[in-house]
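Written below as structure tokens is the structure these notes are about.
Read-outs throughout are calculated quantities, based only on the coordinates presented, and are distinct from any laboratory measurement. Every value quoted in this text rests on a predicted model; they were computed, and no experiment measured them. Here the Cβ is made from the backbone with ideal geometry for all residues, glycine too, and neighbour counts use every protein chain on show.
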Amino acid sequence: MELLPAELYGKIDKRNPVVSSFESEIKEFTVFMKRISSAPSIDPQSKKLFEIWTKYKVRLPAHYFQEQMVQIADFLYDMKLYRMALWQGYDLYLQQYSPVSMQDITNVDYLKSSFFQKGFETDEVGLMVRSSTPALSRARSVSVNLEMDQLQSILDFLRILMQAVLPYESLCWVLYNGSVQIYSICRYLMSANHSAQALDFLLWACMCLETSVPLLTIRFLPWRATLYCAVCQCYYDCRAGLQAEVFARRALGKVNELAKLEEMSCSPASSETTMAFREATIKLAAMLFKRVAYEPGRKSKGVCRPKQKGILKEAPWHRTITERLLMEMFEGHAAQLLAVIEALWDTSHRPLHTGIPEEPEMREVVMELLSVGVMIMAPFELSKPCQLVH
């Protein structure tokens, strides 16, 4: 008996018998997958899902069927069933448009001609992007199993996709999601001592967020600050402290520009807005302090560094250049402690791992940072002396 398409039964809603039957089978499949997701083999379930797609593909409207396919792929992806999500979801959807692999895309024109022949303002764009990015960026969860060139191709595709949708404000969510994917992969690269390879992609993500007007609001400021800090950290990892300082100052300037725009608006600043600006400023100032604290020319700023020998006597809080810098740049012990920890965790020094540096200037700065950190965390008043033996 030939199965009739859903359109012959009226509107495409839950009362349609074909739609009702399809949703029932899909619900049964998802409930069953939640129970056996940890099973050693899910091949029978993969075959079952394929049979559902085959059975209803010609009976349901194309757009409805494709949306359901991508939703199930998202469901499987969230359950960390990546292969099944690809084979029975994302890849099936993409193959309807082009047999080209996403990793073979080398430029924007090739991307458009392969998958976006109708442009970027159609109903299919959302599903297309949802399918293409997880199909590649699954690497953020399994990147330890991928080679460097594979990660590079994934990042290249994300950059090409973001470049293609950059002129369309309605697709700003693609830029945001793409920046999240890039950051996730780049964090892994940074942990594997590949900060130089991650730097360009993080810079690209920052540029996209700064170029898209909808993403320049307060709502996305915390995320922009996170990307800015990641770029600074890459510079520090590459022993490019001066570039890190320049970029941190530039990022602080962007935050100040946004703050001035907020002041010009008629609505009063909320506590959430104030907190967002404060947190972004502190994070970026900590990135700046990582360079300034170790800057060789600090003595030429009109401040003489006091010599410290033996046990420090009763002294005010800001008795060294490091402490004065903290007082000038940060307000509150929590922010000051964050700056101290960041400076001590600089990958070009890492005194907490390798011990106190041998260079006199570096050793002096590290001892001052350690002294300040102890005073901030100590359970006694900061006005009491801190014993520091040289």
Simple Cβ-charge dipole of region 23-124, Lys/Arg +1 and Asp/Glu -1, about Cα centre, in debye nearest 20:
400
Normalising by the residue count of region 180-296, find the relative contact order in percent from Cα pairs under 8 Å and 6+ residues apart.
26
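Among the GluC sites (Glu not before Pro) in region 27-124, which ones are in a DSSP loop with at most 12 other Cβ atoms within 10 Å of the Cβ? Mind listing them?
Details: sites: 28, 51, 67, 121, 124; in loops: 121.
Counting only loop positions with at most 12 other Cβ atoms within 10 Å, the GluC sites (Glu not before Pro) in region 27-124 are 121.
At most 16 other Cβ atoms within 10 Å and a DSSP loop assignment: could you name the trypsin sites (Lys or Arg not before Pro) in region 54-104 that fit?
Working: sites: 55, 57, 59, 80, 83; in loops: 57, 59, 80.
Taking region 54-104 and a limit of 16 other Cβ atoms within 10 Å, the loop trypsin sites (Lys or Arg not before Pro) found are 57, 80.
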Multiplying the sequence separation of residue 30 and residue 163 by 0.36 nm and subtracting their Cα-Cα distance, what value in nm do you get?
44.3 nm
Length released on extending from residue 217 to residue 363, taking residue separation times 0.36 nm less the Cα-Cα span
48.3 nm
Once phi is turned into θ = phi - 60°, what whole-Hz ³J(HN,Hα) does the Karplus curve with 6.51, -1.76 and 1.60 give for every residue of region 63-80, x standing for Gly and Pro?
5, 5, 5, 5, 5, 5, 4, 5, 4, 5, 4, 4, 4, 5, 5, 5, 7, 6
Highest to lowest packing among 230-240, 263-273, scored as the average C-beta count within 10 Å
230-240, 263-273
Search the structure for amide H atoms under 5 Å from the amide H of residue 293, placed 1.01 Å from N in the peptide plane, and list their residues when 5 or more places away or on another chain.
none
